[in-house]
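The values are calculated or read from the model by the stated rules, or taken from the named source; none is laboratory data. This is a predicted model, so every value here is computed, not measured. Cβ: placed from backbone, ideal geometry, glycine included. Neighbour counts: every protein chain shown. All accessible areas refer to the heavy atoms of the entire protein, side chains included, with ligands and DNA or RNA removed. Shrake-Rupley method; radii C 1.70, N 1.55, O 1.52, S 1.80 Å.
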Amino acid sequence: MSRVCELTGKGPMSGNNVSHANNRTRRRFLPNLNDTTLQSEALGRSFKLRISAAALRSVDHRGGLDKYLAKAKDVELSANAMKIKKAIAKSSATADALS
């Protein structure tokens with residue numbers, strides 16, 4: 001299972017452990033990933049995503065999954081998140097055409 005956030009694209013970073021004697025050994029900084037279920041208001045269903053804690057705060061700040069994905073860059077999103085984004089865009093386009 002890859003350690004990459006599905007919404008922001010955050011992945012592992014590398015750096016050093018530095019001891020008191022200034023010895024340096026390589027290490028990995030892993031993103032804080034959580035399995036969460038987010039609700040889409042436009043589609044009326046929920047989606048299970050593996051996202052970072054920072055992405056979860058961003059989703060809450062922007063007002064939900066639909067609004068977050070509308071502003072998100074396609075390059076950062078996973079394949080699963082891109083499917084959700086396209087489905088939301090399609091449903092909003094048909095809702096606009098009906099009204």
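Out of 53, 42, report the one residue that is closer than 22 Å to residue 88 by Cβ and either open to solvent by 80 Å² or more (accessible area, probe 1.4 Å) or within 20 Å of the chain's Cα centre (by Cα) (or both). First the steps, then the outcome.
Working: 53 fails: closer than 22 Å to residue 88 by Cβ.
When all the criteria are applied, what remains is 42.
What is the residue count in segment 66-99 for residues that are over 12 Å from residue 38 (Cβ atoms) and either in contact (Cβ under 8 Å) with a residue 60 or more places away in the chain or among the charged types (D, E, K, R) (or both)? If you could, list the steps in order and put the result at the bottom.
We begin by selecting, within segment 66-99, every residue over 12 Å from residue 38 (Cβ atoms); these are 70-79, 82-83, 85-87, 89-99.
Cutting the leftovers down to either in contact (Cβ under 8 Å) with a residue 60 or more places away in the chain or among the charged types (D, E, K, R) (or both) gives us 71-78, 83, 85-86, 90, 96.
Summing the residues that are over 12 Å from residue 38 (Cβ atoms) and either in contact (Cβ under 8 Å) with a residue 60 or more places away in the chain or among the charged types (D, E, K, R) (or both) in segment 66-99 gives 13.
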Problem set entry | The lone exception for residue 93 - which of (1) loosely packed, with under 13 Cβ neighbours inside 10 Å; (2) modelled with pLDDT of 95 or more; (3) not charged (D, E, K, R) it fails | (2)
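Go through 69, 77, 38 for me and flag whichever is aliphatic (A, V, I, L, M), in contact with a Lys or Arg (Cβ under 9 Å, 6 or more places away or on another chain) and closer than 18 Å to residue 2 by Cβ. Break it down stepwise before answering.
Working: 69 fails: closer than 18 Å to residue 2 by Cβ; 38 fails: closer than 18 Å to residue 2 by Cβ.
Among 69, 77, 38, only 77 is aliphatic (A, V, I, L, M), in contact with a Lys or Arg (Cβ under 9 Å, 6 or more places away or on another chain) and closer than 18 Å to residue 2 by Cβ.
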